[in-house]
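Down below is the structure, laid out as structure tokens.
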Amino acid sequence: MNNIIQNIVDSDTGSLSVCSALFVARKSYHASKLAEFLRAKEANIRSAINKRIESFKVNKGHTIRSMLEHLFRKVVLDHLVVDDELILEPNLVKSKVNVIMED
């Protein structure tokens with residue numbers, strides 16, 4: 001760590017070296033790219049929210065049905081593999097899944 005600090009500060013003048021200036025510039029560039037990415041992500045989220053609001057205003061019934069369908073999606077399992085054992089019997093699959101999900 002001390003070597004890094006010594007390389008950054010020029011021993012004769014005490015000023016920042018070219019290497020440290022490049023390091024600071026690179027760090028600044030990455031920070032600006034991250035900020036740009038976060039702004040774009042926030043804009044996408046806001047756009048999706050506004051789209052949902054407009055959809056609700058235009059067709060309330062469709063929007064509510066769509067929301068309810070998303071809440072009640074189910075996963076149907078017809079088989080299960082536990083410890084290299086294939087389980088095909090539906091009641092046993094259900095009980096094993098319940099045990100796994102409780103843990």
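The values are calculated or read from the model by the stated rules, or taken from the named source; none is laboratory data. Predicted, not measured: the structure shown is a model, and the values here were computed from it. Every residue, glycine among them, receives a Cβ derived from its backbone with ideal geometry; neighbour counts consider all protein chains shown. Quick note on the areas: whole protein, heavy atoms, side chains included, nothing else; ligands and nucleic acids left out. Shrake-Rupley method; radii C 1.70, N 1.55, O 1.52, S 1.80 Å.
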* Condition test on Leu38, is it at pLDDT 70 or above, under 34 Å from the mean Cα position of the chain (by Cα) and open to solvent by 100 Å² or more (accessible area, probe 1.4 Å)? -> no
* Asked: Looking at Val81, Val99, which is the one that is loosely packed, with under 11 Cβ neighbours inside 10 Å, at pLDDT 85 or above and in a strand (DSSP E or B)?
  -> Val81
